Structure formats: structure tokens, C-alpha cells
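A quick write-up on the structure given underneath.
The values are calculated or read from the model by the stated rules, or taken from the named source; none is laboratory data. What you see is a predicted model; the values in this text were computed from it and never measured. As a convention, Cβ positions derive from the backbone with ideal geometry for all residues, glycine included, and neighbour counts pool all protein chains shown.
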Amino acid sequence: MTPTLLALALGATSCGGSSSAKEAPATASSSAGGTASAPSAKPTPRVIPTLPPGPGGTTPVFSHGSRRAGKRVALTFDADMTADQGPRAARGERFDNPALIATLRALKVPATVFMTGRWAEQYPAEAKSIGADPQFEVANHSYSHHAFASPCYGLPAVPRGGARADVEKAFAAFRKAGVEHTVPYFRFPGGCHNPAVLKELGPAKVTAVQWDVVSGDAFAKDPGPVAAEVLDKVRPGSVVVMHCTRSAAPATEAAVKRIVPRLRAKGYEFVKVSDLLRGRTAPDENPAPR
């Protein structure tokens, strides 16, 4: 969530692992020989690329892919919902954006959705649908969308020592909703972190994913400036941060419809964060500020 979105959120607010097929048992042949068929080959597990731990086992931080590996860009979407926004959702405020997801599908744009656990609880069918689609991957954006380091744009703070539990609670919410294609990536709410929390999250074995392009879609009503900002700032390997929340980012879908064809015309390929991470072996020590 961008600083603008976070600042406004206080008064108005914003937006387990994949299941694998079981090995099929051998079955008897009905041929005259009665020989048993060979067992089915064991499916190859899906390997999710991550960065190696930082010094002392700390959580590594990634903000963009290689600038020399071709014109590839990852669009990422934060599906934001805080732990205390249930009453607002009950009154009709929409923290989801199914039209955006439909547009990404129609345009055949792979994407990484950074989802809070609370969002998955509020919209389990949508979370499951996104996670079941191999075009997408679901990453962790915390359970509560509270700050993991303070100050952080006025966000309430995760209790001291509670960072890992918050991340694991989000993954548990994904599993309960039946979300597949989850990846061991984590995005700090507001992007706020410090060495202490990177150390605390080390045992969670996640790669922290930041960005190098802020779209500015937070509360934007005109898609033009949002699209212009992305088109101006994207470089090979960029990670673009956008939002998947109707009430907080109503222009995002229209902006995507402008961004995608223009970047493709420039020779860019859209990929997921996991694709950018493949082949990258060192953490980014200087992630872009949000």
C-alpha cells in the first residue's frame, strides 16, 4: 500500500502451498496376460524460487529483477483489508475488485496478488478462484495489515514479537479458503521494515518483495496519470505495485487496460514475481522506498 493510500486509509481506508496431484496407484491390466501396468510417474513438484537468507538468517528483500534479462515486468496487486474493517464491508464497502481480475484474465496478463489474510476471509470464493488460476500467484501481505515497523504512515503496529505469527495467520487463512498457487513471498504493509523485523521473520522462510515502480493508483479516479506514471517508470525487471480494491483504487482496472497494450508495443513481457526471481541469487540490499 502506497504512502498516499495509507495516509487516507486512516479516515477512509483502502484495497498454503499449492495442492499437488497424488501419485496414481498401479492398476491391473485387463489384457489376457493379466500383467500390472507400471506405476504412474511421480509428479514433479513445483519449485518456487526464493532468495537465500540474509546475514544471520534474516529475511532477504527483493525489489526488482535483472535489468539485463530482457524486457520483463511484473504487475503486482495488493488486496488490502485490515483486521477491523469487517463492519465496513458489512455495510457494503467493497475491498475486492473482480472486474480487475477479469480484465487481467482477458488480457492474459500473469500477475502476483499480495493478499491479506483478512481479505481472504472476507472474500473466500474470490481468493480461491484467484489461487486456482495458474495465471496468478498469491503472496502474503500480512493478516491484519498492521505495521511491522513504526512509524509507518499511522498504521497500528503488530505487537512486538508478533510478526511471524501474523504472517503465518495469513497463510492459514489462505489454506482455509482453499487458495492454491501460494508462494513464499511477503510484502510489508506500507513497505515498512527494519533489521529487527527482518531477523524475526527469518524462520518464516519468506522472501520480502518490495517494488521499484509505484503506480499512484491509490484513490486515483483518473486512470490517465496512473498509466502515465507506470509507462514512464518501468524498466526491464521492474516490479510495479498496484491495488485490488474497488473502494480505494477505483481507476486501476482502466489504467491496466492502457498500460498493458502500450508496454507490449514496447516489447515488454508480463510475468509473475516468481519469474523475475528465477536465476537471481542475491538479495537486494537497497529496496526502493514506498
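Considering region 97-114 alone, what residues qualify as being closer than 17 Å to residue 217 by Cα and either in a loop (DSSP other than H, G, I, E, B) or among the small types (Gly, Ala, Ser) (or both)? Passing the criteria: 97, 99, 111. Of all residues in region 95-128, those being surrounded by fewer than 16 Cβ atoms within 10 Å (Cβ to Cβ) and either at pLDDT below 95 or more than 14 Å from residue 245 (Cβ to Cβ) (or both) number 6.
With the structure loaded, tell me whether residue 154 is in a loop (DSSP other than H, G, I, E, B), of a type in the set (Gly, Ala, Ser), more than 19 Å from residue 256 (Cβ to Cβ) and at pLDDT below 95 or whether it fails that test. I'd like the intermediate steps shown before the answer.
Values: in a loop (DSSP other than H, G, I, E, B): yes; of a type in the set (Gly, Ala, Ser): yes; more than 19 Å from residue 256 (Cβ to Cβ): yes; at pLDDT below 95: yes.
Against the criterion (in a loop (DSSP other than H, G, I, E, B), of a type in the set (Gly, Ala, Ser), more than 19 Å from residue 256 (Cβ to Cβ) and at pLDDT below 95), residue 154 qualifies.
The single condition from (1) in contact with a helix residue (DSSP H, G or I) (Cβ under 6 Å, 6 or more places away or on another chain); (2) surrounded by 24 or more Cβ atoms within 10 Å (Cβ to Cβ); (3) among the hydrophobic types (A, V, I, L, M, F, W, C) that residue 197 fails is (2).
Kindly evaluate residue 92 against the criterion of being under 24 Å from residue 263 (Cβ atoms) and either among the small types (Gly, Ala, Ser) or in contact with a helix residue (DSSP H, G or I) (Cβ under 7 Å, 6 or more places away or on another chain) (or both). Before you say what the answer is, go through the steps one by one.
Details: under 24 Å from residue 263 (Cβ atoms): no; either among the small types (Gly, Ala, Ser) or in contact with a helix residue (DSSP H, G or I) (Cβ under 7 Å, 6 or more places away or on another chain) (or both): yes.
Criteria not met by residue 92.
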